[in-house]
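Structure below; questions to follow.
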Amino acid sequence: MLLLVSGADSSIKLCLSLSGSYLLWMGLFNIAAKTGLVEKLASLMRRPLRLLMPGIGEAAGPVSLNLSANFLGLGNAATPFGLEAMRILSKDSHGTASREICMFLALNTSAVELLPTGVIAVRTACGSTDPYLIVLPTFLSSIISAFCAVLVCKIFEGMKR
Amino acid sequence: MTLIVPFFVLSLILCALIRHIDPFDAFVEGAAAAFPMLRKLLPNMAAILACITLFSGSGMLDRLTAFFYSPAKFVGIPPEIVHLLLMRPLSGSGSLSILSDILLRYGADSYIGLCSSVCVGSTETILYVIPLYCSTNGIKQTRYALVAAIFSGLVGIFTGIFFVRLLLI
C-alpha cells in the first residue's frame, strides 16, 4: 500500500518538476513555429524521415525536434516534443499504433545521444579520472541499436502488409 | 555545450523580431498549450509510476536479479550489473542511482564501471516512455513497437559491452 502511494506521489512530484520545462519549451516551440523555423527544420529532415515514416505528415516538425533534442542530450525538451508528435500521429489511429507510431517509438527509445550527460555527471561525482571515456563506445553502440530498431520495424511492416 | 540553449533562445527571439512576430505573445500562447498536455499526462504517469515503484520495492526486482545472475554470466554480461540493466528500462533516476552505487563499489574506471556506464548511456527507459506516450494518447494496441524497442535495447547492451572490451580494456 505504502509503495503504491509513494509511486503515485512521485508522479505528482515528477509532473510538477517537469511542468516548468514543458511550459518553457512549448512556448519556445510556438515562437519557432510562428517564425517558420520549425517548418524549415522539418523540410530539411523530411526526406530522411519519409524513408522511415512515409505517412508522417504534419508531425514532421515535432518529430525532428524530438529526435534532435534527444541527440543533444536535452531530455527535458525532448519529452514535450515527443508528446506533441504522438498527439498528431495518433489522431486517426483509433487506439492502434500505426507503423509511423511504432517507428517513432522505436527511434525515440533507442537513445542516439551525442553526450550522455546524466552518465557523465554520475561518473564525475564518483571520482572517475576520465568521465568522458565512455562517450565513443556509447555512441557507437547506440547507433547500432538504433539501426536494429529501424530494421525490426521494417521487417514487421513487411510481414503485416 | 552549455551555451547552446541560450544561443538558441536568443537567435529565436531575434528571428521572431525580424519577421515582425511578437515573441512574448507567441511564447505565452505556446506555453498555454502545455497545460492540457500535463493534465492528460498526470493520471497516466501516476498509474505507471505506481507499478514501477511496486516492482522495485516489493522485492520482485531483487528476485529477477538473482534469477538472471548465472544466465547473464553465461552470455558475457558482468553479473554485477544485472540489477542495473533490469532497472534501466523502467526509471531514469532509479538507474542513475544504481549506477552511482556500482561506480562507488567497483570503481568508475574499472571494467564493471565502464560496462555499466556505457549500457546506461546506450539504452533508454523504454518500459516507461512507451506506456506513457501510448496511454496518454489513447493507444491500446502497440503492435511491434515494444518488440523493436526491447530488441534494440538488448543490442545496445551487448554492443556496449563489446565496444568497452574492444576500445577501452
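The values are calculated or read from the model by the stated rules, or taken from the named source; none is laboratory data. Owing to the predicted nature of the structure, the values given are computational and were not obtained by experimental measurement. Virtual Cβ from ideal backbone geometry, glycine too; neighbours counted across all protein chains shown. The protein model used for the area step is the full one, side chains on, heavy atoms only, and it has no ligands, DNA or RNA in it. Shrake-Rupley method; radii C 1.70, N 1.55, O 1.52, S 1.80 Å.
Averaged across B:86-93, how many Cβ atoms of other chains sit within 10 Å of each residue's Cβ atom? If you can, show how the numbers build up before the last one.
Working: counts 0, 0, 0, 1, 0, 1, 2, 3.
Mean shielding by partner chains, rounded to a whole number: 1.
Which whole number gives the average count of other chain Cβ atoms within 10 Å of the Cβ atoms across peptide A:12-19?
Values: counts 4, 1, 6, 8, 2, 0, 4, 6.
Mean shielding count: 4.
Given points 7 Å out from each Cα along the Cα-Cβ axis, report the A:N76 to A:L14 separation in nanometres with one decimal.
Placing both labels 7 Å along Cα→Cβ, they lie 1.6 nm apart.
Decide, for the range A:57-143, between rounded, prolate and oblate: order the square roots of the alpha carbon gyration tensor eigenvalues as a ≥ b ≥ c, take rounded if a/c falls under 1.5, and otherwise choose prolate if a/b is larger than b/c, else oblate. Numbers along the way, then the final one.
Working: a/c = 3.21, a/b = 2.61, b/c = 1.23.
Prolate.
Do the alpha carbons of any pairs in A:K13/A:K91; A:K34/A:K154; A:K13/A:K40; A:K91/A:K154 sit beyond 32 Å of each other, and which pairs?
Working: A:K13/A:K91 29 Å; A:K34/A:K154 35 Å; A:K13/A:K40 36 Å; A:K91/A:K154 22 Å.
Pairs exceeding 32 Å: A:K34/A:K154; A:K13/A:K40.
Quick one: net charge around A:L107, please, counting Lys, Arg +1 and Asp, Glu -1 for every other residue with C-beta under 13 Å from its C-beta.
Numbers: positive: A:R99, A:K154; negative: A:E100, A:E113, B:E124.
Residues close to A:L107 contribute a combined charge of -1.
Here is a further query. For the range B:51-168, max minus min Cα coordinate along each principal axis, in Å, sorted largest first?
Computed over the Cα atoms, the extents are 45, 31, 24 Å.
Now for a different question. Apply the Karplus parameterisation 6.51 cos²θ - 1.76 cosθ + 1.60, with θ equal to phi minus 60°, to every residue of the range A:34-43 and state each ³J(HN,Hα) to the nearest whole Hz, in sequence, with x for glycine and proline.
So the J values, rounded to whole Hz, are 5, 7, x, 6, 4, 4, 5, 4, 5, 6.
To test your reading of the geometry: what angle, between 0 and 90 degrees and rounded to tens, separates the Cα axis of helix B:126-136 from the longest principal axis of chain B?
Helix B:126-136 sits at roughly 40 degrees to that axis.
The range B:138-169 to the range B:1-79: how many Å between their Cα centroids?
The distance from the Cα centre of the range B:138-169 to that of the range B:1-79 comes to 19 Å.
Continuing with the same structure: How big is the C-alpha Rg of the protein assembly as shown next to the rule-of-thumb value 2.2 N^0.38 Å, as a ratio? Don't skip to the answer; put the middle values down first.
Values: Rg = 20.0 Å, N = 330, 2.2 N^0.38 = 19.9 Å.
So the protein assembly as shown has a normalised radius of gyration of 1.00.
Here is a further query. Which value, in square angstrom to the nearest 100, describes the accessible area buried between chains A and B on both sides, using a 1.4 angstrom probe? Show your work: numbers first, answer last.
Numbers: alone 10460 and 11830 Å², together 15720 Å².
Heavy-atom accessible area buried at this interface is about 6600 Å².
Rounded, prolate or oblate: which fits chain A, taking a ≥ b ≥ c as square roots of the Cα gyration tensor eigenvalues, rounded meaning a/c under 1.5, else prolate when a/b beats b/c?
Details: a/c = 1.41, a/b = 1.24, b/c = 1.14.
Rounded shape, in that the Cα axes give a/c under 1.5.
Modelled label-to-label distance, A:H94 and B:A32, 7 Å Cα→beta-carbon offset: nm?
The modelled label-to-label distance comes out at 3.4 nm.
Using a Gaussian network model on chain B with a 10 Å cutoff between Cα atoms, which of B:L104, B:L12, B:L146 fluctuates the most?
B:L12
Per residue of the range B:84-98, in order, report the coupling 6.51 cos²θ - 1.76 cosθ + 1.60 (Karplus, θ = phi - 60°) as ³J(HN,Hα) in whole Hz, putting x for Gly and Pro.
Using θ = phi - 60°, the values come out as 5, 5, 6, 7, 3, x, 9, 8, x, 5, x, 6, 5, 6, 5 Hz.
Using only atoms on other chains, find how many Cβ atoms lie within 10 Å of each Cβ of peptide A:36-43 and report the average. The partial results should precede the final answer.
Numbers: counts 3, 5, 0, 0, 0, 0, 0, 0.
Neighbouring Cβ atoms belonging to other protein chains average 1 per residue here.
Now, a different point. For the range A:136-143, take each phi angle, set θ = phi - 60°, evaluate the Karplus expression 6.51 cos²θ - 1.76 cosθ + 1.60, and give the result in whole Hz per residue in order, putting x for glycine and proline.
Ordered by residue, 3J(HN,Hα) equals 5, x, 5, 5, 4, 6, 6, 5 Hz.
Now for a different question. So what's the net charge close to B:G30: Lys and Arg +1, Asp and Glu -1, counting the other residues with Cβ under 13 Å from its Cβ?
Working: positive: A:K34; negative: A:E84, B:D22, B:D25, B:E29.
With Lys, Arg at +1 and Asp, Glu at -1, the neighbours total -3.
If you don't mind, there's one more thing I want to ask. Loop-only trypsin sites (Lys or Arg not before Pro) in the range B:14-107, please: DSSP not H, G, I, E or B, and at most 12 other Cβ atoms within 10 Å.
On the way: sites: B:R19, B:R39, B:K40, B:R63, B:K73, B:R105; in loops: B:R19.
Of the trypsin sites (Lys or Arg not before Pro), the ones in loops of the range B:14-107 whose Cβ has at most 12 other Cβ atoms within 10 Å are B:R19.
Going by the alpha-carbon gyration tensor, a ≥ b ≥ c the square roots of its eigenvalues, is the range A:99-161 rounded (a/c under 1.5) or, if a/c is not under 1.5, prolate (a/b greater than b/c) versus oblate?
Cα axes put the range A:99-161 in the prolate bin.
In Å², what does the accessible area per residue of chain B work out to with a 1.4 Å probe?
Details: 8520 Å² over 169 residues.
Heavy-atom accessible area per residue stands at 50 Å².
Divide by every residue of chain A the summed helix terms, -39500 (n - 2.57) for each DSSP H run of at least 4, and state the resulting mean residue ellipticity at 222 nm, rounded to the nearest 500 deg cm²/dmol.
On the way: 7 runs with 120 residues, N = 161.
After summing the helix terms and dividing by residue count, I get -25000 deg cm²/dmol.
Ranking request for peptides A:83-90, B:112-119, B:3-10, A:113-120: highest mean number of other beta-carbon atoms within 10 Å first, then the rest in descending order.
Numbers: A:83-90: 22.8, B:112-119: 28.6, B:3-10: 11.1, A:113-120: 19.0.
The peptides rank, most packed first, as B:112-119, A:83-90, A:113-120, B:3-10.
Which percent of the accessible area of the protein assembly as shown is formed by carbon and sulfur heavy atoms (probe 1.4 angstrom)?
Values: 10960 of 15720 Å².
Here it works out to 70 percent.
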